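The values are calculated or read from the model by the stated rules, or taken from the named source; none is laboratory data. Here the structure is a predicted model, which means the values were calculated and not measured. Using ideal geometry, Cβ is built from the backbone for each residue, glycine included, and neighbour counts are taken over all protein chains shown.
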Amino acid sequence: MRICLLRAAPGQEDDPRYSDIELFTDRHTFEQRFISKDTIKQDLNFAAAESFDLYFNFLHWTWYGSDNKELAILAAKYIEYLAIPVIGLPSRVLEKYGLDEDGRLVIGNLDTAQGDDITAGDEYSCTIIELDNTPVPLCPIFAHTEVPVNSTSSPVLSSAIQKLAEDAFYVNDLHGTFWCTFLVRINKDSKPTLIGITPMPKTIFPFAGDGKNPAAEACAVRESFPGSYRSLIHSLIASYFLKRNRSFEVSRQVSQEFDTVASKYDTVTAGIYHEGIKGIVQKYNFDGLVLDIACGTGLVARLYRDTQNRSRFIGMDISLQMKTECLRHGLYSNVLVGPMQRLLIVQRGPVHHIVCIGAFLFLESNELSLVLSRIFQLATISVTFTIDEIPDSYNKAQTERGRGHMAGFNHLDEVERFGIPVGWKLTDRWRFLGWTSPTTGTEIYSNVFRFEAL
């Protein structure tokens, strides 16, 4: 993907520091375009004419002083007029900005204190990442430090701060801000009170030449956004295009494909595929609540053979008919229907285990980062998934048959680059013959990844 970074012309910044986000991923090509205060519309016209796949508007990070705030608003409004694909603060949010005594951009006039003394008590920050239209809170951080609030040792405090941040996101209509930091103070009665909001702070990424960023936002990403900065960039990109339904047609076609085959799926896939799933699920422990992504007809639960009823299964699948087949066997209490990248964003409660076998091939690389980040946020004990080695010959054969929507991606390299999230360990990895395509006859090898929480 070709991405344009819109920055203020050199020498025209209130703050010359900036985030070199292009250092964190090699999946995309980044180019800078500088916007001058005197020729904002002309410069933006030229940038728009180059038809980048996506734009990042960083102008509000450098034009925020009393003399320049209106310029940042003007630029945001003109970008909205141009209707180019952009990640950046909406003009309606910029117009709410104030500048606090520390020079931070904040939304002022917060009527949230409810008579409490907001000057006393410990201060925390909680950064929220907006995925699709859903605010996803990261771990709270002690303000002005790199010390996270541990959700294991301080679950009540962590949960209270995160809930307050989520509520404030909705109350202040911060949709479209991509990420926000909420400043919270805990009073003597351990009650959290909102004292400030910083929309889309630049400190979420390290500054150029500064190495590790000591800011609370960057710490929250490293500690609680699995895959760290690289995955965050990819997830923001995936989220942007999810909102605009870029992959809607492909998802619809894949759904119809599995609807058609659902009633005979077990027969068609009998043999190698069933033995592969059996080899995975009978090797590991899944006591507790299991979320089976792309559950299909429910083979994971059926082949697990939980004779002592220690496991409970819920599922997700893109096909309504697969849901019908899955529930018919009586081992899943519920199956949600839709693309996994959307369902995982809105999934609320944690689960003990997450399993996904043979489905990540349908995600492009940005979507995979988003999905991996979410499953490690939601699972509390284990994550088990497979990555299929999809050869070019398979994709070519599918395309020649008019079934390009069933082509897949080999994400082995992407998973390795994603790394091992904080608080997890890779306990097992192995390769096996996963399945043979009933359409092309291609043999597909799969790689099992088993992660367990520390």
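Summary of computed values
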{"item": "Number of the condition not met by LEU291 [criteria: (1) loosely packed, with under 15 Cβ neighbours inside 10 Å; (2) touching a residue at least 24 places away in the same chain (Cβ under 8 Å)]", "result": "(1)"}
{"item": "LEU291 being closer than 26 Å to ALA379 by Cβ and at pLDDT below 95", "result": "no"}
{"item": "Scan of region 252-297 for residues that are over 25 Å from GLY330 (Cα atoms) and touching a Lys or Arg at 6+ places or on another chain (Cβ under 9 Å), ordered by number", "result": "GLN253"}
{"item": "Residue within region 355-365 that is farther than 22 Å from SER228 by Cα, of a type in the set (A, V, I, L, M), in a loop (DSSP other than H, G, I, E, B) and at pLDDT 95 or above present", "result": "yes"}
{"item": "Residue count for region 69-90, restricted to those that are of a type in the set (Ser, Thr, Tyr) and closer than 10 Å to LEU44 by Cα", "result": "1"}
{"item": "Set ARG429, ARG417: member being free of Cβ contacts under 8 Å to residues at least 40 places away in the same chain, more than 17 Å from VAL254 (Cα to Cα) and charged (D, E, K, R)", "result": "ARG429"}
{"item": "Criterion violated by ILE444 - all others in (1) within 18 Å of LYS283 (Cβ to Cβ); (2) assigned to a strand (DSSP E or B); (3) not acidic (Asp, Glu) satisfied", "result": "(1)"}
{"item": "Among (1) touching a Ser or Thr at 6+ places or on another chain (Cβ under 7 Å); (2) at pLDDT 90 or above, the one test that PHE207 misses", "result": "(2)"}
{"item": "Lone unmet requirement of (1) assigned by TED's automatic domain parsing to the domain that holds TYR124; (2) surrounded by fewer than 19 Cβ atoms within 10 Å (Cβ to Cβ) for LEU194", "result": "(2)"}
{"item": "Residue in region 153-166 that is outside the structural domain of SER19 (by TED's automatic domain parsing), closer than 25 Å to PRO350 by Cα, touching a helix residue (DSSP H, G or I) at 6+ places or on another chain (Cβ under 8 Å) and surrounded by fewer than 16 Cβ atoms within 10 Å (Cβ to Cβ) present", "result": "no"}
{"item": "Candidate set: region 436-448, residues that are in contact (Cβ under 8 Å) with a residue 24 or more places away in the chain and surrounded by fewer than 20 Cβ atoms within 10 Å (Cβ to Cβ); chosen: the one nearest to GLY271 (Cα to Cα)", "result": "THR436"}
{"item": "Residue that is modelled with the lowest pLDDT [pool: residues in region 4-33 that are among the charged types (D, E, K, R) and in a strand (DSSP E or B)]", "result": "ARG7"}
{"item": "Residue list for region 46-87, filter: under 25 Å from ASP20 (Cβ atoms), aliphatic (A, V, I, L, M) and more than 28 Å from the chain's Cα centre (by Cα)", "result": "LEU71"}
{"item": "SER125 at pLDDT 80 or above and in a strand (DSSP E or B)", "result": "yes"}
{"item": "Region 417-448 - residue that is among the hydrophobic types (A, V, I, L, M, F, W, C) and within 24 Å of the chain's Cα centre (by Cα) and, of those, nearest to ALA407 (Cα to Cα)", "result": "VAL448"}
{"item": "Residue match in region 405-428 (condition: at positive phi and either touching a helix residue (DSSP H, G or I) at 6+ places or on another chain (Cβ under 6 Å) or not hydroxyl-bearing (Ser, Thr, Tyr) (or both))", "result": "yes"}
{"item": "Any chance THR297 is modelled with pLDDT of 95 or more, among the polar types (S, T, N, Q) and either buried (at least 16 other Cβ atoms within 10 Å of the Cβ) or under 13 Å from PRO339 (Cα atoms) (or both)", "result": "yes"}
{"item": "Answer residue from region 377-417, given it is part of a loop (DSSP other than H, G, I, E, B) and of a type outside the set (Lys, Arg) and is farthest from ARG429 (Cα to Cα) among those", "result": "GLY402"}
